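The values are calculated or read from the model by the stated rules, or taken from the named source; none is laboratory data. Here the structure is a predicted model, which is why all the values come from computation and not from measurement. Note that each Cβ is placed from the backbone with ideal geometry, even for glycine, and that neighbours are counted across all protein chains shown. Calculation scope for accessible area: heavy atoms of the full protein, side chains included, ligands and nucleic acids excluded. Shrake-Rupley method; radii C 1.70, N 1.55, O 1.52, S 1.80 Å.
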Amino acid sequence: MKRFPFTVLSVAFVLFMSACGGGGNQAQPPANQPAGETTPGAPAGGYDAATAETLFKNNCASCHGQDLSGSVGPNLTHVGGKYTKEQILEILKNGKGGMPGGLVKDQDAETVAAWLADKK
């Protein structure tokens with residue numbers, strides 16, 4: 001019984017540390033690219049991918065997995081092929097199935113919706 005608190009603390013530490021990682025492999029635009037232009041295949045919607053990923057990991061990853069592969073919630077690795085940004089935003093606002101709405105709000109919801117819509 002003395003191991004129980006240590007086990008709980010260890011699990012909490014592992015979960016905390018896994019939520020703090022990632023984000024170091026973001027693509028950089030070419031140095032010769034004129035301001036305001038995007039490269040083909042670049043994210044649409046003018047959001048910051050690192051911010052979107054952080055918001056996802058802080059608010060969504062516990063159910064959808066750190067790598068979007070799903071856990072309690074569905075796999076989101078290709079969610080942009082199924083839903084538009086507007087549809088994803090609607091799900092974030094109102095929820096769907098077992099997911100409650102309003103976990104991510106306002107501009108943060110816009111950022112996460114745009115980021116997920118690019119996952120095709």
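Restricting attention to the range 72-86, the residues that are polar (S, T, N, Q) and either in contact (Cβ under 8 Å) with a residue 60 or more places away in the chain or surrounded by fewer than 14 Cβ atoms within 10 Å (Cβ to Cβ) (or both) total 2.
D67 fulfils the conditions (1) part of a loop (DSSP other than H, G, I, E, B); (2) open to solvent by less than 60 Å² (accessible area, probe 1.4 Å); (3) not β-branched (V, I, T) except for a single criterion, (2). Looking at (1) surrounded by fewer than 18 Cβ atoms within 10 Å (Cβ to Cβ); (2) of a type in the set (A, V, I, L, M, F, W, C); (3) at pLDDT 95 or above, which one does A44 not meet, given that it meets all the others? Result: A44 passes all but (3). Quick check on the range 75-86. Is at least one of its residues more than 13 Å from K119 (Cβ to Cβ) and either modelled with pLDDT of 95 or more or part of a helix (DSSP H, G or I) (or both)? There is at least one residue in the range 75-86 that is more than 13 Å from K119 (Cβ to Cβ) and either modelled with pLDDT of 95 or more or part of a helix (DSSP H, G or I) (or both).
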